[in-house]
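Written below as structure tokens is the structure these notes are about.
The values are calculated or read from the model by the stated rules, or taken from the named source; none is laboratory data. Computed from a predicted structure; not experimentally measured. Reconstructed Cβ throughout: ideal geometry from the backbone, glycine too, with neighbour counts over all protein chains shown.
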Amino acid sequence: MTVDACPHCGVSLLGDPIPEESRQWYSGTHWRKEIGIEVMGVYDGVLYWQCKDCGGTWHRFPEGHWLRPRAEPYIHGPTP
């Protein structure tokens, strides 16, 4: 699930605008600042998101999605 602000520290996750001539290859209009975390052996792709500012993590998948429980052990609050 995509959010525009970190659920932990509130920093904006919207980066600079994607140039008009390149938008056809990307979804959205701005670059994103969150870090997609892949856990090898758990899921081949982004399993959860991490804030580059505070280190907090949050789910990529909504409640009820079969991958959400697999991400649960990795979800934590901001780094102290």
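A few points about this structure:
- Enumeration of residues in segment 23-77 that are among the acidic types (Asp, Glu) and part of a loop (DSSP other than H, G, I, E, B): GLU34, GLU38, ASP44, ASP53, GLU63
- Residue check for TRP49: within 13 Å of the chain's Cα centre (by Cα) and modelled with pLDDT of 95 or more: yes
- Selection within segment 21-46 - closer than 25 Å to ALA71 by Cα and in contact (Cβ under 8 Å) with a residue 12 or more places away in the chain: TRP31, ARG32, LYS33, GLU34, ILE35, GLY36, ILE37, VAL39, VAL42, TYR43, VAL46
- Yes/no for PRO7 being loosely packed, with under 10 Cβ neighbours inside 10 Å and part of a loop (DSSP other than H, G, I, E, B): no
- Just one residue in the set ILE35, ILE18 is more than 15 Å from PRO73 (Cα to Cα), more than 14 Å from the chain's Cα centre (by Cα) and surrounded by 13 or more Cβ atoms within 10 Å (Cβ to Cβ); that residue is ILE18.
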